[in-house]
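The values are calculated or read from the model by the stated rules, or taken from the named source; none is laboratory data. Since the model is a prediction, treat every value here as computed from it, not as a measurement. A quick note on method: Cβ atoms are made from the backbone with ideal geometry, for glycine too, and the neighbour counts reach across all protein chains shown.
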Amino acid sequence: LQPKVLAGQRVLVTAGPTFEAIDPVRGITNHSSGKMGFAIARAAHEAGADVTLVAGPVALRTPRGVRRVDVQSALQMHAAVMAEVERATVFVAAAAVADWRPAQAAAHKLKKDGSGQPPPLAFVENPDILATVAGLPRARRGELYCVGFAAESHDLLAHAQAKRARKGVPLLVGNIGPATFGRDDNALLLVDEHEVVEFPPAPKITLARQLVAEIARRLRAEHAH
Ligand code: C5P
């Protein structure tokens, strides 16, 4: 049995990819399986938190006791998070949100027109959900502790530190190693203002429990001030 280190906390987690429609039958997405975010939601619930999970399109079962809101696109994920965030005390952004979406989703299926020319695709940038939440005024976000993720192919520590500062979050978690997508194991690098902590390769649920313990430790430290 896990110690209830998050009792009384309300944890909001994003997980999975987003799906950005091109037309009614096509879209762009990525290889995020959602497993890490779902594991974090499960671990937070085990730790006594009230957990809401905003999930992109994934093939995963909802962890027991967790409230789940399903979304497809980054804009929908953004709206769902903004609707939930005011009651949250912890926000963990584990989703692999698409950076861009097609500027205009076609109302009808795009057809080959015989010219041999593919249809032009223009993109616009999606809102950065984590940076938006972290930048909300105190009055709206209250005492919200924000945790971001980084998946990088190289220079993870430097990127994670830079990303922590850029997003304005106290804790940034880097996925160590290439292509953790879809796998059950991972390794993590936690970067905060003071220290870097490494969690060696382990099942994602083990890492999620370790991460939850680290978040709880930091919440206690913040309250002690
Ligand atoms: O900038 P990058 O996508 O690498 O940042 C990753 C972190 O930011 C993750 O925590 C991810 O969930 C979050 N993010 C977000 N909204 C976006 C892009 C990333 O919340 N549009």
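Structural remarks
- Pairs where the first residue, in region 90-101, is in contact (Cβ under 8 Å) with a residue 24 or more places away in the chain and the second is within 6 Å of the ligand (Cβ to nearest atom) and small (Gly, Ala, Ser), C-beta under 6 Å, 6+ apart: Ala93/Gly148; Val97/Ala74; Ala98/Ala74
- Scanning region 87-99 for residues that are of a type in the set (Gly, Ala, Ser) and outside any loop (DSSP other than H, G, I, E, B), we see that the one that is nearest to the ligand (Cβ to nearest atom) is Ala93.
- Among the residues of this structure, Phe38 counts as one that is among the aromatic types (Phe, Trp, Tyr), within 16 Å of the ligand (Cβ to nearest atom) and within 16 Å of Arg64 (Cα to Cα).
- One residue stands out among those in region 180-211 that are in contact (Cβ under 8 Å) with a residue 40 or more places away in the chain and within 16 Å of the ligand (Cβ to nearest atom): the one that is surrounded by the fewest Cβ atoms within 10 Å (Cβ to Cβ), which is Phe181.
- Checked against (1) of a type outside the set (Phe, Trp, Tyr); (2) without any contact (Cβ under 8 Å) to a residue 24 or more places away in the chain; (3) touching a His at 6+ places or on another chain (Cβ under 7 Å), His223 meets all criteria but (3).
- Counted residues, region 65-86 - those being β-branched (Val, Ile, Thr) and not in a loop (DSSP other than H, G, I, E, B): 3
- As a summary of the residue check, Thr132 satisfies the conditions (1) within 30 Å of Gln210 (Cα to Cα); (2) free of Cβ contacts under 8 Å to residues at least 24 places away in the same chain except for the one numbered (2).
- Flag if Val58 is modelled with pLDDT of 95 or more and either over 30 Å from Ile205 (Cβ atoms) or more than 12 Å from the ligand (Cβ to nearest atom) (or both): yes
- Any hit, region 182-205, residues being in contact with an Asp or Glu (Cβ under 9 Å, 6 or more places away or on another chain) and part of a helix (DSSP H, G or I): yes
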